[in-house]
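Have a look at this one before I ask anything.
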Amino acid sequence: MSNSPIQHLDLPLNLPVPVDDGACDHLVGTSLPSIILPSTAAGAPVDVSSLSGLTIVFCYPRTGEPGIPVPIEWDLIPGARGCTPQACAFRDTSAELRGLGVQHIFGLSTQDTPYQTEAKERLHLPFEILSDAELKWVKGLNLPTFEWQGKMLVRRITMAVQDGLIIKKWYPIFPSDRNAYEVVEWLKGRRNSK
């Protein structure tokens, strides 16, 4: 198995597909809790609930570490694999998302900010990543989680938030590298229906 960073961008063909277990059915129409989260913007914590306009938040379990192969056990967890491809897809569509009215884009995981900052720089992400290492946001929204190597991780979900109110959710997400394009298509349909 290769230790190259490319390995984290490749999605194996035989990944288990996550099923909709209803764990996020409560989200649309929910106001975000007012919780300030550390971000990869130096010294600039963020309270997503206070942001005006349309915000996209994609939550993911964890990004891979450079030089560390993805464990086979990780691939056996439905929906776990693909955090780096998902972040890169949001990177690649960020200009289009902004052109479709998105004012803010954030990734969110339970990893700490130094870890996320390395990933943001390595992947050249044009948006910030929020750290919910203390699980305050995850618990405040009752988001689905799972345990991996003694750490609690958030399951993959993306939310469209308008002025602090969740107006759309994508869950489960599979394959992860298509999620940003699903958001683009939803935004185009929303624009065309006005």
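The values are calculated or read from the model by the stated rules, or taken from the named source; none is laboratory data. These figures come from a predicted structure and were not determined experimentally. Please note: Cβ atoms are built from the backbone with ideal geometry, for glycine as well, and neighbour counts cover all protein chains shown. Ligands, DNA and RNA are stripped out before the accessible areas are found, and what is left, the full protein with its side chains, is counted by its heavy atoms. Shrake-Rupley method; radii C 1.70, N 1.55, O 1.52, S 1.80 Å.
Straight-line reach from residue 136: which lysines have Cα under 24 Å away, leaving out those fewer than 8 places along the same chain?
List returned: 120, 151, 168, 169.
At what distance in nm do the modelled label points of residue 26 and residue 14 sit from each other, each positioned 7 Å from its Cα along Cα→Cβ?
According to this spin-label approximation, the distance is 3.8 nm.
Right, here's the next one. At 1.4 Å probe radius, can you tell me the per residue accessible area of the chain in Å²?
Per-residue value: 46 Å².
Moving to a separate point now. If you fit an axis through the alpha-carbon atoms of helix 83-99 and take the longest principal axis of the Cα set of the chain, what angle between them do you get, 0 to 90°, nearest 10?
Between the helix axis and the principal axis of the chain, the angle is about 30 degrees.
Please turn the phi angles of the range 47-55 into ³J(HN,Hα) values with the Karplus equation 6.51 cos²θ - 1.76 cosθ + 1.60 (θ = phi - 60°), one per residue in order, whole Hz, x for glycine and proline.
Residue by residue, the range 47-55 yields 10, 4, 5, 9, 7, 8, x, 8, 10 Hz.
Using a 1.4 angstrom probe and counting only protein chains, how large is the accessible area of residue 183 in Å², to 10?
Near enough 0 Å² of accessible area.
Could you check the spin-label model distance between residue 148 and residue 134? Points 7 Å from the Cα along Cα→Cβ, value in nm.
2.4
Taking θ as phi - 60°, what are the ³J(HN,Hα) couplings along the range 123-129 by the Karplus curve (6.51, -1.76, 1.60), each to the nearest whole Hz, with x for Gly and Pro?
With coefficients 6.51, -1.76 and 1.60, one gets 8, 6, 7, x, 9, 8, 10 Hz.
Through the Karplus equation 6.51 cos²θ - 1.76 cosθ + 1.60, θ set to phi - 60°, convert the phi angles of the range 25-33 into ³J(HN,Hα) values in whole Hz; use x for Gly and Pro.
Karplus-based 3J(HN,Hα) across the range 25-33 equals 4, 7, 6, 5, x, 8, 7, 5, x Hz.
If contacts are Cα pairs under 8 angstrom and at least 6 residues apart, what is the relative contact order of the chain in percent?
Value for the chain: 32 percent.
List the residues whose amide H sits under 5 Å from the amide H of residue 145, counting only those 5 or more places along or on another chain, with H placed 1.01 Å from N in the peptide plane.
155
Specify the inter-centroid distance of the range 151-169 and the range 88-146, based on alpha-carbon positions, in whole Å.
Centre-to-centre distance over Cα atoms comes out at 10 Å.
Tally up the carbon and sulfur contribution to the accessible surface of the range 78-194 as a whole percent, 1.4 Å probe, everything protein left in place.
49
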